[in-house]
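Heads up: the structure comes next, in structure tokens.
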Amino acid sequence: MAIINLTKEEVQFCIKTGQQRYLSNRKANNPKGTNADIYPGQSDECGMLAEFAMLKGLGHTDLYNYDFFINQGEFGKLKHNIKDINFNGVLCEVRSSLHPNGHLAIKQRDFINNTNVPFVFAVVDSRYIEDETGKKRTEIRYLPNGGINVTFHGWLTAQEVKDIKNWQRGYEQWWAKKNQLKPMYELPGLENN
């Protein structure tokens, strides 16, 4: 497990970029994320925070110029051969959740050119709140300085997640619990960092 702290400025960049990715995906008619969004784009913001934190943890020094839109494309033409992270020998997909008890989820579309690619799982620090209707939901938990923490719990390949045989109907995805993941220090390519 690794915890990466993002500054207030980094969080603001990620939220804005996540919102842009959400709009880009809707315009291209791409499928939505797997998180139960509280508001439109929450999954994209959460994913952006996790990808940014992953690169920061790997020592990327020019994060504001990284192409976080690199695997976006028209519906049915998503660039599945390009991964979320491709830096200094680490090639992986990043999946994230705002739920402290979340799990690594792999959808069928994730298997296209990704069977043996590592999928890293991160939880963006959050808290449960009760909205005006009494319904509990999660929201990002900001630190006093306006930053946040992103915790990386481990990774598995898409095939390894499928082999666990946890199938979630409705979302149509396979999933693995945090305690079933391989430790981050075993992620292929980390020996270069």
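Could you pull out the trypsin sites (Lys or Arg not before Pro) across the stretch 93-152 that fall in loop regions by DSSP (anything but H, G, I, E, B) with no more than 10 other Cβ atoms inside 10 Å? Walk me through the numbers on the way to the answer.
Numbers: sites: Arg95, Lys107, Arg109, Arg127, Lys135, Lys136, Arg137, Arg141; in loops: Lys135, Arg141.
When the trypsin sites (Lys or Arg not before Pro) of the stretch 93-152 are filtered for loop state and at most 10 Cβ neighbours within 10 Å, Lys135 remain.
For the set Lys8/Lys135; Lys8/Lys136; Lys16/Lys162; Lys56/Lys165; Lys135/Lys162, the pairs lying more than 30 angstrom apart at their alpha carbons are Lys16/Lys162; Lys56/Lys165; Lys135/Lys162.
Using the Cβ of Phe119 as centre and a radius below 12 Å, the other residues enclosed give a net charge of +1, where K and R count +1 and D and E count -1. How much of the calculated P(r) for the stretch 137-178 lies past 12 Å, in percent of all Cα pairs? So the portion of pairs separated by more than 12 Å is 71 percent.
Each reported figure results from applying straightforward, stated rules to the coordinates on display, with no laboratory input. Everything numeric in this text was worked out from a predicted model, so none of it was measured. Neighbour counts are summed over all protein chains in view; Cβ atoms, including those assigned to glycine, are modelled from backbone coordinates with ideal geometry.
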